[in-house]
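K.L.:
Provided herewith is a single structure, encoded as structure tokens, for subsequent inquiry.
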């Protein structure tokens, strides 16, 4: 036990003295969460907008007026036909267009439930959703003010998302980012730091000592476990208090599930480091084998249910996917363990698998 | 006589690249002696060290260190031996003291318990104990590495080319330290590419291309040199070597520093001198000399 402690202390020296890596280790997740968070902020200012008013009657002008005076929009101009909006989209001059059909007021008076169409450039899904929400609210207000609460007429707002029909919200990104950061640090750092001992030749001396080298490797994971927990706290603080991520469930549950993922990641790092002998290879495998699948198959960037079946099957091997489901259940839905014990079990299974594989493949000698 | 290292027919072949690293190696090292493994780079020294320190498995043969089999008893053995690899293998981002402390704890001991063994060596680097190991000079790094390999008071010490890349003064110092360690009862196996260090060992094995050429105390190896050795010196050493090699009775000739070492099959060395003067080396000087280990090694290699 005393040896184990000495080992952990040594590992802390390694981590704390390599200032550049430490900065990366702790700074990167924070930068990432801020970048992702603000890039995905729902606050949209000065969204360029065009109004194609095909009626030019009192009702349509009233709505146009409200849109033009709204702070969130930067009014580009009126279009005369749908194709004007289309051209403006192609040129990138506008982010949204509002199409008011001909005879708008008449339709209202005739109680025909007229339809306003909102077109959003969903290459930037956040702006598009925000714009559509704003216009919808404006239309609803107009309806309430002009026609009264009890009016049997309702203006139907139809929105149409160009280019990217799947809209993903901020609530999806935080759990995804948590998975990404924890996986990245766990797998990459552990695998690289163990391979470093092989490269530096210190593994040779460690092997020629009565201390079991496997215990040495487990000791190596301890500082990264703590760094990851620190990162987890930072991510949670920022996403809940700065980005407004909801937190409906139990912190304890979230923490224990996150620690479970960290341990899974560490065991993967352990496994990779067993199979490789140079830092570059370890880094490459960690990045290609872990980062990419985590980005692709977690579900926070690309919806898994839209993928072809083979990819859906492959996605089951990404530990982050299961963690992502768990975190969403805890943070957004506030559910208890009864709802995601299967996912947690998958993570436990993966961890056991990697640890057993590492044990079996661990070389007590150099070759 | 007790042996602390017993090597029995050890062979090792590497697949990539296809090299016969060791071929039927046999030797024994007496308990409490300083044994030198002398050979050029790539002779198989490091491979042999790794097999004896339980880091590699031999293809054939067996070896015992301090009476324990290097394969079966590797776990026990690892606490009985000290190993200093050829490459500096300590933690460069840890200070001198932290490195030593770490290796002491790793071996379930303390600096104090093993201090008597490393006292002479560690004293020299103690003024720099708070310096990071990566910022030490070559000689100091090597002293630290030796201290770390000795801190747990091993029975057998393995030093793989400990003086490679170390200046002449430090090398001399280092060998003095080895003598002191030996005097405290530690068996030492040391490898070196430097012939001049061979005479400082109790016994040496000359190794080349994975084969042992000769095993004996250095004085015996020198005494076994069968021929009379001459040193030939002159002003145009290049042409001189060429002309010497043309002489009919030459058994061997090679340049050795600024002279040429020559042995003859038969006949008189006077004949060589006469011929060399004829060939335009009037200043040539020929002396009879006592062979060095290097002469013996070169003879064995041919």
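Quick note: the coordinates plus some simple rules give every number you see, no bench work behind them. It should be emphasised that the depicted structure is a prediction, and the values quoted were computed from it without experimental measurement. All Cβ positions, glycine included, derive from the backbone under ideal geometry; neighbour counts span all protein chains shown.
K.L.:
Test of understanding: in a Gaussian network model of chain B with alpha carbons linked when under 10 Å, which of B:228, B:190, B:199 would top the mean-square fluctuation ranking?
P.N.:
Maximum among the listed residues: B:228.
K.L.:
Output the antiparallel fraction of DSSP beta bridges having both residues in chain B, as a percent to the nearest 5. The partial results should precede the final answer.
P.N.:
Values: 35 of 52 bridges.
Within chain B, antiparallel bridges account for around 65 percent of the total.
K.L.:
Also, I was wondering about something else. Summing -39500 (n - 2.57) over the DSSP H runs of n ≥ 4 in chain A and dividing by its residue number, what mean residue ellipticity at 222 nm do you reach, to the nearest 500 deg cm²/dmol? Don't skip to the answer; put the middle values down first.
P.N.:
Working: 16 runs with 218 residues, N = 367.
Value at 222 nm, helices only: -19000 deg cm²/dmol.
K.L.:
On C-alpha positions alone, give me the angle between the axis of helix B:168-183 and the longest principal axis of chain B, in degrees, nearest 10.
P.N.:
Orientation of helix B:168-183: about 60 degrees from the principal axis.
K.L.:
Also, quick follow-up: Give me the percent of DSSP beta bridges within chain A that run antiparallel, rounded to the nearest 5.
P.N.:
Here the antiparallel bridges make up roughly 20 percent for chain A.
K.L.:
Then there's this: Is there a simple number for the mean count of other chain Cβ atoms within 10 Å of the Cβ of residues in B:74-82, and what is it? Could the numbers behind the result be given before it?
P.N.:
Working: counts 4, 3, 1, 2, 8, 4, 1, 2, 3.
Going residue by residue through B:74-82 and averaging, the value is 3.
K.L.:
Arrange A:233, B:253, B:296 by Cβ neighbour counts within 10 Å, fewest through most, would you? Working shown, then result.
P.N.:
Values: A:233 12, B:253 19, B:296 27.
In increasing order of surrounding Cβ atoms, one gets A:233, B:253, B:296.
K.L.:
Something else about it: What is the order of A:132, A:94, B:111, fewest Cβ neighbours within 10 Å to most?
P.N.:
Numbers: A:132 22, A:94 25, B:111 16.
With the sparsest Cβ surroundings first, the list reads B:111, A:132, A:94.
K.L.:
I would also like to ask the following. Just want the ordering: A:217, A:26, from fewest to most Cβ atoms lying within 10 Å of their own Cβ. Write out the running numbers ahead of the final one.
P.N.:
Details: A:217 23, A:26 15.
Lowest to highest Cβ neighbour count: A:26, A:217.
K.L.:
Determine, from the Cβ-Cβ distance of residue B:73 and residue B:269 and an R0 of 51 Å, the FRET efficiency 1/(1 + (r/R0)^6), rounded to the nearest 0.05. It would help to have the intermediate numbers written out before the result.
P.N.:
Working: r = 56 Å, r/R0 = 1.10.
The calculated FRET efficiency here is 0.35.
K.L.:
By the gyration tensor of its Cα atoms, with a ≥ b ≥ c the square roots of the eigenvalues, what is the shape of segment B:1-90: rounded for a/c under 1.5, prolate for a/b over b/c, or oblate? Spell out each step's value before the answer.
P.N.:
Working: a/c = 1.40, a/b = 1.32, b/c = 1.07.
Rounded shape, in that the Cα axes give a/c under 1.5.
K.L.:
Follow-up. May I ask you to list the residues of segment A:93-124 whose amide nitrogen lies under 16 Å from a point 7 Å from Cα along the Cα→beta-carbon direction of residue A:56?
P.N.:
A:100-106
K.L.:
Could I ask something else about it? What is the distance in Å between the Cα centres of segment A:51-65 and segment A:222-251?
P.N.:
About 48 Å separates the Cα centre of segment A:51-65 from the one of segment A:222-251.
K.L.:
Oh, and also: What FRET efficiency comes out for residue B:287 versus residue B:123 if R0 is 51 angstrom and r is the Cβ-Cβ distance? Round to the nearest 0.05. Walk me through the intermediate numbers first.
P.N.:
On the way: r = 44 Å, r/R0 = 0.87.
In this case the efficiency is close to 0.70.
K.L.:
Antiparallel as a % of all DSSP beta bridges within the protein assembly as shown, to the nearest 5?
P.N.:
Numbers: 39 of 74 bridges.
Counting only bridges with both partners in the protein assembly as shown, antiparallel ones make up about 55 percent.
K.L.:
Report, in degrees rounded to the nearest 10, the 0 to 90 angle that the Cα long axis of helix A:170-183 makes with the longest principal axis of chain A.
P.N.:
Computed tilt is about 10 degrees.
K.L.:
Please give the helix A:319-331 orientation as an angle from the longest Cα principal axis of chain A, in degrees from 0 to 90, rounded to the nearest 10.
P.N.:
60
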